Amino acid sequence: MFDKTFAISHRYAVFSAVAVTVSASLATAQVPVRVESVQRQTVQQRHAVTGSLRPVARGNVAAIESGQLLELKPREGEMIRKGDIVARVDSRRLQAQLGEAVAEKAIAIADLASAKAQLTQAKADLTRAQKLIHQNAIGQQELDAFQAAYDIAKATIDSTTSRIDRIEQSIRLIQVRLDDTVIRAPYDASVVQRQIEPGDWVQAGDALLTIVSTGPIEAWLEVPERFVQAVDLFGASVSVRARATQQESNVLSTRRVADVNPRVRTLSFIVTLDNPDGLLSAGMSVDGWIATTNEVQTETVHKNAVNRSGNQPFVYRVSKGAAAESQAERVPIDILFELPDRVAIRSAQLHEGDCVIVEGNERLLPGQNVAIINTPAGNDELARAHRN
């Protein structure tokens, strides 16, 4: 009996010693953490929405004149600038028509010169005849003949002038058609698909290339209809981020489509985004945040700083322990609303500039020693202050 009691007591003592050792180790071990400071910001409550990117313009570059396609320069994926020559259609027939029209104009000009000479002669003959009629040197019939010759010469000039105008109109039209055999890019774009190849016969209106505009791009966000008033009031404060790049884009303009999808009860909110590096492409998924309230001033923390235990969210603040070592202090918070990267909070214990843990806080215990490492830009001084 004595031996059994002694053995149990011995094992208990060993377990107690191990527990004390483990507790001491936890107390003295420093967990590496990354920190950010609490900020006081002017923020707005936002509602998260999703959508996709669409080009500002998408369409086909088409042939305007019929003929054999002589040249089609760009291929899929290539960029074209507004005004660049992208294709050429055979123009020999139009060149021949132009030459014929120019020759007809030259003949008409010569006819006009002849008609003017005839008019000058007819006018002189008519003037003499009018004098002679008063002298009874000629009869009325002869005078009428001179008058008719004058009228015919004048009418010939008018008709020849009209013929020249008509020929000039034909020349201008042929020149336009000749210009249309050279097809140019209508706007800055990227080629999506070639619809035809050189050597093929094309009719006017046949698609040659499918293109999408480059530069600014549109994010079509699907917003629940209950936020229609918020969109009208705070739409300019929208923020959009493409999932592919994880970068927030500069908003150039916004507009709302006055039509609600009856199936899902959402409206389309179009946000035109700057796209200077061309990384944003049509079809990409985007996340947007629509402001739903007026701006308020409150403390914010990085979203990775927030932990949850049951229904009570909290953060770990780095504070000085009794041995002047940095320790994790658990501080409860109230979440007001979430922002794209941060969380607006309310807490009587947290203040602007406090250092909270954003990485390494997953398995921390209150009072555990921590070592601040690899602090993000802007928090170096804060980290040094906690180390000193």
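One table, with the values for the structure above:
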| item | result |
| --- | --- |
| Spatially proximal lysines relative to Lys82 (Cα-Cα < 30 Å; intrachain offsets below 8 disregarded) | Lys73 |
| Nearby lysines by direct alpha-carbon distance to Lys105 (threshold 23 angstrom, same-chain neighbours under 8 apart not counted) | Lys116, Lys154 |
| Estimated FRET transfer efficiency (Lys116, Asp144; beta-carbon r; R0 22 Å; 0.05) | 0.45 |
| Positive minus negative residues near Leu143 (Lys, Arg vs Asp, Glu; Cβ under 15 Å) | -1 |
| Net lengthening on full extension, Arg92/Ser319 (0.36 nm per residue, minus Cα-Cα) | 73.2 nm |
| In order through region 277-294: 3J(HN,Hα) via Karplus (6.51 cos²θ - 1.76 cosθ + 1.60), integer Hz, x for Gly, Pro | 8, x, 6, 6, 10, 4, x, 5, 7, 9, 10, x, 10, 9, 5, 10, 9, 6 |
| Against the rule of thumb 2.2 N^0.38 Å, how large the Cα Rg of the chain comes out | 2.04 |
| Cα pair distances exceeding 26 angstrom across region 110-239, given as percent | 66 |
| Cα-based reach from Lys320 at 15 Å (exclusive), listing aspartates and glutamates while leaving out same-chain residues under 8 positions away | Glu329, Asp354 |
| Length gained when the stretch Ser281-Val102 is fully extended (0.36 nm per residue, less Cα-Cα span) | 59.5 nm |
| For region 218-303, the Rg and Dmax computed from alpha carbons only, in angstrom | 13.8, 39 |
| Residues listed by number, region 80-119, amide nitrogen under 20 Å from Ala155 label point at 7 Å toward C-beta | 111-119 |
| Residues with amide H under 5 Å from that of Asp206, placed H, sequence gap 5 or more | Ala63 |
| Under the Karplus curve 6.51 cos²θ - 1.76 cosθ + 1.60, θ = phi - 60°, whole-Hz ³J(HN,Hα) for region 55-64, x wherever Gly or Pro sits | x, 4, 9, 9, x, 10, 8, 10, 6, 9 |
| Two-site FRET efficiency, Glu76 against Gln246, from Cβ-Cβ distance with R₀ of 30 Å, rounded to 0.05 | 0.65 |
| Distance between modelled label sites at Tyr187 and Glu352, nm, 7 Å Cα→Cβ extension | 4.4 |
| Computed [θ] at 222 nm, deg cm²/dmol, the chain (DSSP H ≥ 4; -39,500 (n - 2.57); rounded to nearest 500) | -11500 deg cm²/dmol |
| Inter-label distance, nm, simple model (7 Å from Cα along the C-beta direction), Asn369/Arg40 | 3.5 |
| Solvent-accessible area per residue for the chain (1.4 angstrom probe, square angstrom) | 58 |
| Accessible carbon and sulfur surface of the chain relative to its total accessible area, %, 1.4 Å | 51 |
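The values are calculated or read from the model by the stated rules, or taken from the named source; none is laboratory data. None of the values given here were measured: they were computed from a predicted structure. No Cβ is skipped: glycine too gets one built from the backbone with ideal geometry, and neighbour counts run over all protein chains shown. We work out accessible area using only protein heavy atoms, side chains counted, and drop any ligands, DNA or RNA first. Shrake-Rupley method; radii C 1.70, N 1.55, O 1.52, S 1.80 Å.
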